[in-house]
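The values are calculated or read from the model by the stated rules, or taken from the named source; none is laboratory data. All of these numbers come straight from a predicted model, not from anything done at the bench. Neighbour counts run over all protein chains shown; Cβ positions are idealised from the backbone, glycine included.
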Amino acid sequence: MADLAEDRPGSAGNPNTAFEPSDWPLRPIAWLAAGVLLFLGAAPLAMLWLYPQTLADADRSLTIAPPGPRLQIDSARELAAFRAEEQRRLDSYYWVDKGRGVVHIPIDEAMRKLARQGIPGFPAATP
């Protein structure tokens, strides 16, 4: 069987090189692309013509107003109130889970208790 490159003109310079003698035909690909573009342009128009009531069947009015932005009026006062509430919680006793007997104790008391008893399983400090 003869090499395909030998049958083409201009292949005498490199007789060991072969190439695909036929490419895809461009004309059917161009027609297909034009048909797809035509379909994509015509389909929405056909849908509007076939179903004209679809644009008006949904009520697009706003039924509930979205919440407005929550702005801080006096951020320094709000921060002070937040820190005071956090400090009050840190410095007071209250039940965390009354059914299980879990109580929150003030942070200073918890630190003193931890310093006296240590952490179970943690090496104790040497004096």
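Inside segment 89-98, residues that are surrounded by 10 or more Cβ atoms within 10 Å (Cβ to Cβ) and part of a loop (DSSP other than H, G, I, E, B) make up a count of 2.
Of all residues in segment 99-118, those that are part of a loop (DSSP other than H, G, I, E, B) and within 21 Å of Glu86 (Cα to Cα) total 2. The set of residues from segment 48-83 being in a helix (DSSP H, G or I) and surrounded by 10 or more Cβ atoms within 10 Å (Cβ to Cβ) comprises Leu48, Thr54, Arg77, Glu78, Leu79, Ala80, Ala81, Phe82, Arg83.
Considering only segment 78-97, how many residues are of a type in the set (Val, Ile, Thr) and under 15 Å from Met111 (Cα atoms)? Counting residues in segment 78-97 that are of a type in the set (Val, Ile, Thr) and under 15 Å from Met111 (Cα atoms) gives 0.
All of Ala30, Ala43, Ala34, Ala2 fail the test of being farther than 30 Å from Ala110 by Cα and modelled with pLDDT under 90, apart from Ala2. Within segment 46-64, residues that are touching a residue at least 60 places away in the same chain (Cβ under 8 Å) reach no partner that is outside any loop (DSSP other than H, G, I, E, B) with beta carbons closer than 7 Å at six or more positions or on different chains.
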